[in-house]
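Notes to accompany the following structure.
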Amino acid sequence: QVQLMESGGGLVQPGGSLRLSCTASGSIFRINAMGWYRQAPGKRELVATITYGGITNYADSVKGRFTISRDNAKNTVYLQMNSLKPEDTAVYYCHADAAIGGRNWGQGTQVTVSS
């Protein structure tokens, strides 16, 4: 079984930056894709994903502002969020797609963008 631990959420003013991290641990053979979703009231959205080889995909709403990256040796995925807007406020969940066992989810971390 794979456990995911997220960190880095918090309160930030509009235009500010935050960096989220998510580390997988446990019975890991190989982690394929990793990524981030976010959940706001009434809305769930894919934010960004990254494959084991580093191919990335972003939601249109975050392109040019967010950057996803990963360290395969550490089984960790990062989300650098710049130029944050109030509409980025949500609970952010990371996922890790294990080669054995399928998709695993983190517990979520709150990001609040407000002045």
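General remarks:
- Charge context of G15, other residues only, Cβ under 14 angstrom, K/R +1, D/E -1: 0
- Residue-wise HN-Hα couplings along segment 100-115, as the Karplus relation 6.51 cos²θ - 1.76 cosθ + 1.60 with θ = phi - 60° gives them from phi, are 10, x, x, 7, 10, 10, x, 7, x, 9, 7, 10, 10, 10, 7, 8 Hz; Gly and Pro carry x.
- Residues in segment 70-102 that a label on Q13 would reach, taking backbone N under 19 Å of a point 7 Å out along Cα→Cβ: 81-89
- Close amide H pairs (under 5 Å, H built 1.01 Å from N) link T89 with V113, residues at least 5 positions away or on another chain.
- When both segment 97-111 and segment 23-63 are represented by their alpha-carbon centers, they are found 9 Å apart.
- In this label model, S114 and E87 are separated by 1.9 nm, measuring between points 7 Å along each Cα→Cβ vector.
- J(HN,Hα) series, segment 77-84, from Karplus relation 6.51 cos²θ - 1.76 cosθ + 1.60, nearest Hz, glycine and proline x: 10, 10, 9, 8, 10, 10, 6, 5
- The value of relative contact order for the chain, using C-alpha pairs under 8 Å at least six residues apart, is 38 percent.
- Taking a straight Cα-Cα cut-off under 18 Å and skipping sequence neighbours fewer than 8 places away in the same chain, the aspartates and glutamates within cross-link reach of K85 are E45, D60.
- Isotropically averaged projected area of the chain, using the convex hull of Cα atoms (one quarter of hull area), nm²: 6.6
- In segment 5-78, trypsin sites (Lys or Arg not before Pro) in a DSSP loop with at most 14 other beta-carbon atoms within 10 Å: R30, K63
- A straight Cα-to-Cα reach below 17 Å connects K74 with the aspartates and glutamates E6, D97, residues fewer than 8 places away in its own chain not being considered.
- Residues whose placed amide H lies under 5 Å from that of R70, excluding near-sequence neighbours: Y78
- In segment 18-115, chymotrypsin sites (Phe, Trp or Tyr not before Pro) in a DSSP loop with at most 16 other beta-carbon atoms within 10 Å: F29, Y52
The numbers here are math on the coordinates, done by the rules we state, and not lab data. Worth saying up front: this structure is predicted, and the values here are computed from it rather than measured. All Cβ positions, glycine included, derive from the backbone under ideal geometry; neighbour counts span all protein chains shown.
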